[in-house]
Amino acid sequence: MHDVNHEYASADIQDFIYLHDNVDLTTVGIDIGSSTYHLMFAKVHLKRESQDHSSRFEVVRREVLWRSEIVLTPYRGRRIDTELVRRFVEESYQAAGLHPREIDSGAVILTGEALRQHNARSLADVVAAGSGEFVCVSAGHHLEAMLAAFGSGAVKFSEVHAKRLIHIDIGGGTTKLALIDNGVVVATAAVMIGGRQLSMSPEREILSRSAGSSTVARHVGVKVSVGMTLGKRDEHLFVGAQVGVIVDLANMNHHNTLERDIRLTRVLPRHFKPDAVSFSGGVSEYIYGRESNAYGDLGPQIGLGIRRAIESGAITLPVVDPGEGIRATVAGASQCSVQLSGSTVLVGDRSILPMRNVPVVHAELEDRLTGKRYEAREVAISIKVAISDYGLQISDRLALAFVWRGEPSFERLSAFASGLSLALRSSGDEALIVLIDQDIGASIGRLLQNEYAIERSLICLDGLTLSPLDFVDIGKVIEPSGALPVVIKSLLFSAAH
């Protein structure tokens with residue numbers, strides 16, 4: 001006799017197994033830049049990794065549900081008009097047929113000159129408050145360059161093709177640079193060049209100008225003031241100077257005098273030898289021939305100048321198209337993967353858990369952790385530089401991530417803890433989270449508490465695998481094991497074409 005109840009039970013078990021190993025998320029990415037802003041909704045499917053009973057999920061499919069138009073960023077005086085941006089986001093949800101309650105995760109990202117506005121933080125908070133559960137990113141120059149490198153597809157292109165790239169993201173007010181070696185971003189930088197350094201009326205009257213415009217104009221001997229009319233000759237000189245900087249950057253030529261005057265960060269390392277160059281940002285749409293319309297700025301002229309430099313051989317490297325241009329940043333939504341930090345951890349104050357949306361800062365210490373000894377002062381400097389590069393303050397709530405190499409001897413652990421203490425001395429009341437890939441979290445935590453008297457609430461977790469652009473949620477301690485569930489939120493980017 002056919003057992004119907006057994007069939008139903010079997011189907012329920014299969015459904016349970018499927019849901020245990022598969023997760024579907026509805027995500028949103030909102031990019032607010034100095035020139036434009038836009039958003040995108042996507043559906044992300046994650047599947048549990050099958051190897052070694054892993055608790056980590058990987059993305060196997062992403063479907064774009066809805067993209068907004070790319071709209072010029074509205075200003076009220078020198079401030080971005082928060083109400084207009086909020087209304088645009090609200091109307092986009094309605095047009096897409098979605099409600100903020102349906103959004104599982106996502107990111108609000110402020111980039112370029114938008115970060116220089118006085119109301120940048122309040123703008124991000126207002127947009128995030130009405131848009132579901134978000135990771136809010138106020139990107140510094142380093143982080144913005146990383147976002148562009150990943151979001152454009154340049155990192156994936158470099159990894160798939162085993163190439164070394166210099167990636168150049170040309171936005172409205174700033175240009176971001178990333179050196180990528182076989183899928184790893186090894187250095188970043190930024191300069192004050194962009195397609196919207198000047199915005200103009202149809203009659204060529206200058207309506208606004210960005211921070212670097214005066215330096216560029218002074219370099220070529222022209223004047224650019226709000227209210228004046230920009231002549232063709234002055235435009236040619238103004239655009240030519242910016243194109244010259246981009247060409248020299250693409251060729252890894254560090255002798256451009258204008259580039260020295262408009263640097264926003266430290267210079268890129270000179271020993272890097274790229275195989276190719278790639279572009280993203282609004283101006284890249286003109287470089288790759290995907291856009292021909294003008295929007296009241298100099299983006300088309302800069303893009304055409306770079307295109308001519310490519311065709312004439314003035315840019316000596318091969319040029320590749322990584323896939324995403326103006327939508328490079330908003331292509332990032334958010335994926336979540338769950339890991340479990342083991343019992344070799346230290347949690348100083350359990351009452352502060354759970355914690356959500358903590359930015360992860362990767363302090364590059366591998367070269368100092370492989371030897372027998374390294375200096376605490378060097379560790380402290382590296383930590384401070386890394387925090388600054390991510391656009392954060394040392395007093396902010398953050399998680400410091402480290403890759404440990406070599407023996408965990410007491411001498412090496414103590415020197416490492418001393419460097420941490422030196423970097424974080426008198427650094428505020430926010431909790432400090434230390435994330436290490438090896439099982440030494442409790443040892444580091446005890447040294448920080450007992451030997452170096454760190455005053456901040458302390459959480460040291462280990463056995464975790466993290467990537468650039470991650471954020472973490474940390475759950476409550478699971479008894480009796482003492483383990484902690486850690487949700488790692490990674491900005492997710494599409495692969496290159």
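The values are calculated or read from the model by the stated rules, or taken from the named source; none is laboratory data. Owing to the predicted nature of the structure, the values given are computational and were not obtained by experimental measurement. We place every Cβ from the backbone using ideal geometry, glycine too, and count neighbours over all the protein chains shown.
State whether one or more residues within segment 239-250 are touching a helix residue (DSSP H, G or I) at 6+ places or on another chain (Cβ under 8 Å), farther than 21 Å from Lys176 by Cβ and at pLDDT 95 or above. So far as segment 239-250 goes, yes, one or more of its residues are touching a helix residue (DSSP H, G or I) at 6+ places or on another chain (Cβ under 8 Å), farther than 21 Å from Lys176 by Cβ and at pLDDT 95 or above.
Among residues of segment 196-220 that are in the same structural domain as Gly281 (by TED's automatic domain parsing) and in a helix (DSSP H, G or I), those with a Cβ under 9 angstrom from a residue that is surrounded by fewer than 21 Cβ atoms within 10 Å (Cβ to Cβ) and among the charged types (D, E, K, R), sequence gap 6+ or separate chain, pair up as Thr215/Asp261; Val216/Asp261; Ala217/Arg209; Ala217/Lys223; Ala217/Asp234; Arg218/Asp261; His219/Asp261; Val220/Asp234. The residues listed here are Ala417, Ala399; of these, the one that is farther than 20 Å from Pro359 by Cβ and of a type in the set (A, V, I, L, M) is Ala417.
Any chance segment 254-267 includes a residue that's assigned to a loop (DSSP other than H, G, I, E, B), among the hydroxyl-bearing types (Ser, Thr, Tyr) and more than 29 Å from Ala162 (Cα to Cα)? Give the derivation first.
So the first thing to find is which residues in segment 254-267 are assigned to a loop (DSSP other than H, G, I, E, B), and the list is 254-256, 262, 264-267.
Remaining after also requiring among the hydroxyl-bearing types (Ser, Thr, Tyr): 265.
Within this subset, residues satisfying the condition of being more than 29 Å from Ala162 (Cα to Cα) are none.
Within segment 254-267, none of the residues are assigned to a loop (DSSP other than H, G, I, E, B), among the hydroxyl-bearing types (Ser, Thr, Tyr) and more than 29 Å from Ala162 (Cα to Cα).
If you go through segment 435-479 and pick out every residue that is out of contact with any helix residue (DSSP H, G or I) (no Cβ under 9 Å at 6 or more places or on another chain) and among the aromatic types (Phe, Trp, Tyr), you end up with 1. Selection of segment 432-456 for residues being part of a helix (DSSP H, G or I) and either aliphatic (A, V, I, L, M) or closer than 13 Å to Val347 by Cβ (or both) yields Gly441, Ala442, Ile444, Gly445, Arg446, Leu447, Leu448, Gln449. Helices (runs of 4 or more DSSP H) fully within segment 270-387 that include at least 1 residues being buried (at least 21 other Cβ atoms within 10 Å of the Cβ), at pLDDT 85 or above and not assigned by TED's automatic domain parsing to the domain that holds Trp66: 284-287, 299-312. A search for C-beta distances below 6 Å between a residue of segment 404-425 that is closer than 15 Å to Asn450 by Cα and not assigned by TED's automatic domain parsing to the domain that holds Glu455 and any residue that is modelled with pLDDT of 90 or more and buried (at least 20 other Cβ atoms within 10 Å of the Cβ), counting only pairs 6+ apart in sequence or on different chains, returns nothing.
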